[in-house]
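In what follows, a single structure is set out as structure tokens and then discussed.
Where a number appears in this text, it was derived from the coordinates with a stated rule and is not lab data. Just so it is clear, the model here is predicted, and its values are computed rather than measured. So basically every Cβ, Gly included, is an ideal-geometry build from the backbone, and we count neighbours across all protein chains shown.
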Amino acid sequence: MTAIGIIGSAGRMGQALAVAVPDLGATLIGGIDAGGDPVSLAHDAAVLIDFSTPAALERTLAAARSARTPILIGTTGLSTTHHALIDAAAGEIAVLQTGNVSLGVTLLAKLVRDAAARLGPEWDIEIAEMHHRHKVDAPSGTALLLGEAAAAGRGITLAEAKVADRAGLTGARSEGTIGFASLRGGSVAGDHLVIFAGEGERIEIGHRAENRAIFARGAITAALWLVGKPAGRYSMEQVLGV
Ligand SMILES: NC(=O)C1=CN([C@@H]2O[C@H](COP(=O)(O)OP(=O)(O)OC[C@H]3O[C@@H](n4cnc5c(N)ncnc54)[C@H](OP(=O)(O)O)[C@@H]3O)[C@@H](O)[C@H]2O)C=CC1
Ligand SMILES: O=C(O)C1=N[C@H](C(=O)O)C[C@H](O)C1
């Protein structure tokens, strides 16, 4: 059985993973939280799964590289510096980083890209997300992933179109921008809605996570898929074949 090591093992996702690992024919070799040693975990595990915090990523990737252990990164709130670290690691080990490991969101991203490509820039794109009261980053990793899919469909980068900070006297909406709205409250596992707002009509497509089991399943499936893969940066689309 494939031995999985978890970074962030006592957290909400870490606990969901511990429940799901045996069901998917793998075994949990160990896990760490703040203050834990990623080096020995990376040597013991056949693959690592990280659902922790961006601050942990540099040490985690260094450990994975030194042990040559593949890694699935689900942690969100990553900066361009973190992505550069991931790219560098992917030169030596198999890495998959994504803001959402579910089948539903992986497919939704493809639908969003397609819709954005077919609709002209006069269709305004807005992305709304709601999460539980404990979430610390905004917009969510999923919202950003969907924004990137929409931007790719339009042949632009999200960086040039993103508007995530509306408040006060904002002025009218600029054509071609992609807006984000983040709601926080209660125990919501993760809701995302992508709105294409045209003149006199709207298209809305979205996804609701009803629990963390879907994330645990997606993460373990992806982690098992990474074992034995050559160095590189992989995607959930490749794992799930959608
Ligand atoms: N990609 C996806 O599909 C999904 C992504 N996520 C993302 O996963 C992340 C975790 O979410 P969630 O489980 O809800 O968060 P939690 O806050 O419940 O758990 C985070 C865990 O990480 C641990 N941690 C903190 N610092 C370190 C460190 N330096 N090394 C190792 N572990 C550390 C914490 O331990 P301690 O208590 O000791 O600080 C805690 O156990 C978030 O970024 C979230 O957005 C969540 C769901 C799905
Ligand atoms: O923090 C969470 O809980 C989640 N985080 C991910 C995100 O930022 O999109 C994925 C999921 O929506 C749950």
remark   = Proxy exposure order for Ser140, Ser79 (fewest C-beta within 10 Å first) is Ser79, Ser140
ask   = In whole Hz, what ³J(HN,Hα) sequence does segment 47-56 give by Karplus (6.51, -1.76, 1.60; θ = phi - 60°), x for Gly and Pro?
value = 7, 9, 10, 10, 10, 9, 8, x, 4, 7
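Rounded to the nearest angstrom and ordered from largest down, what semi-axes does the equivalent ellipsoid of segment 103-208 get from its C-alpha gyration tensor (root of 5λ)? Don't skip to the end; give the middle numbers.
Working: eigenvalues 90, 58, 30 Å².
Equivalent ellipsoid of segment 103-208: 21, 17, 12 Å, largest first.
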key: Inter-centroid distance (Cα atoms) of segment 200-242 relative to segment 87-148, Å   = 10 Å
message = Looking only at the chain, where both bridge partners belong to it, what percent of the DSSP beta bridges are antiparallel (to the nearest 5)?
response = 35 percent
note = 1/(1 + (r/R0)^6) with r = Cβ-Cβ of Asp165 and Ala62, R0 = 51 Å, i.e. FRET efficiency to nearest 0.05, evaluates to 0.95
message = I'd like the trypsin sites (Lys or Arg not before Pro) in segment 111-177 restricted to DSSP loop residues with at most 15 other Cβ atoms within 10 Å, sorted by number.
response = Arg133, Arg166, Arg173
23 Å Cα-Cα reach of Lys110 towards lysines, excluding residues that sit fewer than 8 places from it in its own chain = Lys162
message = Modelling each spin label as a point 7 Å along the Cα-to-Cβ direction, I'd like the Thr157/Asp87 distance in nm, to one decimal.
response = 0.9 nm
key: Nearest-20 debye value, the chain charge dipole, Cβ charges on Lys, Arg, Asp, Glu   = 320 debye
ask   = Radius of gyration and Dmax for the chain's Cα atoms, expressed in Å?
value = 18.3, 59
message = Quick check: the distance between the Cα centres of segment 12-82 and segment 165-193, to the nearest angstrom?
response = 31 Å
query = Once every DSSP H run of n ≥ 4 in the chain is given -39500 (n - 2.57) and the sum is divided by its residues, what mean residue ellipticity at 222 nm do you get, rounded to the nearest 500 deg cm²/dmol?
reply = -11000 deg cm²/dmol
task = Return the percentage of antiparallel bridges among DSSP beta bridges fully within segment 103-208, rounded to the nearest 5 %.
result = 60 percent
query = How large is the dipole of segment 122-238 about the Cα centre if only Lys and Arg carry +1 and Asp and Glu carry -1, each at its Cβ, rounded to the nearest 20 debye?
reply = 660 debye
